[in-house]
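Take a look at the structure set out below.
Every number in this text was worked out from the coordinates using simple rules, so none of it is lab data. Remember, predicted model here, so these are calculated numbers, not experimental data. Counting neighbours? That spans all protein chains shown, and the Cβs are built from the backbone with ideal geometry, glycine included.
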Amino acid sequence: MNSSVLSTPAPQQASGRGDSSIGGLLLESGKISPENAERVLRMQKELGIRFGEAAQRLGLITEADIQQVLARQFDYPYLQKGESNYSPLLVAAYEPFSAQVETLRAVRSQLMLRWFASHKSLAIAGINSGDGVSTFAANLAIVFSQLGENTLLVDANLRTPSQHATFNSGARQGLSDALAGRAGLDVITRIPAFLSLSLLAAGTLPPNPQELLSRASFRNMSTELEAQHDIVLYDVPPFSVGADALAIASRVGGVLLVARKNHTLVADINAMTEQLSHSGAKVVGAVMVDF
């Protein structure tokens, strides 16, 4: 993308209370020091240019730094690789202007029109392990949060969970513990890099995941989660490992199917769609991924 910079207010704001200005945000993030900010302000005044342009001319920041600050000004935060402990597979976090993420935003728009206009929860499901469901669910949650929707990602894969590692969450307890009555919803953790994103990790691996997800406690909890969030996305275990996905889908009501390019069989998708229909869940759509 082309670089774009905004004017910085008076010098005292760049180093003090102007925390939403280009200069203030660059200082806050440690991209420039107070001493360098003074150099930038002098050049800005002498040449009549914008703060960001002056800082770039002095070699203090890069175009990527400017783009990150602009994103923060417009409540559209994203990350630079190497600056966080999140998984590099989170393309929506690291490469928000890529063609791949544009496709994610197109999926988001379709879901907003076709499902979330009248619902709050959606299960993300696939056939086999390794189909990319968890990675897709994590990225979809990020683009929903970037829209400003109060988004919760629930790792409902109580067999081989991964979202705690994807977001480097230190939470030891999660969904399974809450369903077993061993924890409350305070186990939900905010993802600090994003303004509107939270994670309910899978928690302790239980010996009876399908039974836990079939209990009334899951139905009650999902209702409470919907009351507290705009969007609730469930990362569901693959159909090939058991009936967990059907238990979740029957409660949530809607499922987005994920197929892996050159891997998932059409016959398997058709069989899964039929099972979901029998469980009372609606297949909202299907996406093909190549993660």
Legend entry - Helix 133-146 vs. the chain, principal-axis angle (Cα, 0 to 90°, nearest 10): 50 degrees
Inset, instruction - Name the residues whose placed amide hydrogens come within less than 5 Å of the amide hydrogen of residue 234, ignoring near sequence neighbours (fewer than 5 apart) on the same chain. - result: 122, 123, 124, 154
Inset, instruction - State the number of lysine pairs found in the chain whose Cα atoms come within less than 24 Å, restricting to pairs 8 or more positions apart or on distinct chains. - result: 4
Inset, instruction - Hey, can you grab everything whose amide H is under 5 Å from the amide H of residue 260? Only 5+ residues off in sequence or another chain; H modelled, so Pro and N-termini drop out. - result: 289
Inset, instruction - Among (1) 47, 20, 15; (2) 31, 22, 17; (3) 42, 20, 15, find the value of semi-axes √(5λ) of the Cα gyration tensor in Å that was calculated from the structure presented, and write down its label. - result: (3)
Inset, instruction - Fewest Cβ neighbours within 10 Å first, please rank 58, 122, 79 accordingly. - result: 58, 79, 122
Legend entry - Loop-resident sites, segment 244-291, for trypsin sites (Lys or Arg not before Pro), counting at most 12 other Cβ within 10 Å (DSSP): 261
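Report, for segment 91-289, the % of DSSP beta bridges that are antiparallel, rounded to 5. Walk me through the numbers on the way to the answer.
Working: 2 of 25 bridges.
Roughly 10 percent of the DSSP beta bridges within segment 91-289 come out antiparallel.
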Inset, instruction - Name the residue, out of 242, 132, 203, whose mean-square fluctuation peaks in a Gaussian network model built on the chain with Cα pairs under 10 Å. - result: 242
Legend entry - Radius, Kirkwood style, for segment 163-291 when every pair of distinct Cα atoms is counted (Å): 15.9 Å
Legend entry - Alpha carbon centroid spacing (whole Å) that separates segment 200-236 from segment 253-287: 20 Å
Legend entry - Proxy reagent accessibility, fewest Cβ within 10 Å first, across 160, 151: 160, 151
Legend entry - Relative contact order, percent, segment 91-289 [alpha-carbon distance under 8 Å, six or more residues apart]: 30 percent
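Per-residue ellipticity at 222 nm for the chain, helices alone: DSSP H runs ≥ 4 residues times -39500 (n - 2.57), over residue total, nearest 500 deg cm²/dmol?
-12500 deg cm²/dmol
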Legend entry - P(r), alpha carbons of segment 47-177 - 5 Å bins starting at zero, rounded %: 2, 8, 16, 19, 18, 14, 9, 6, 4, 3, 1, 0, 0
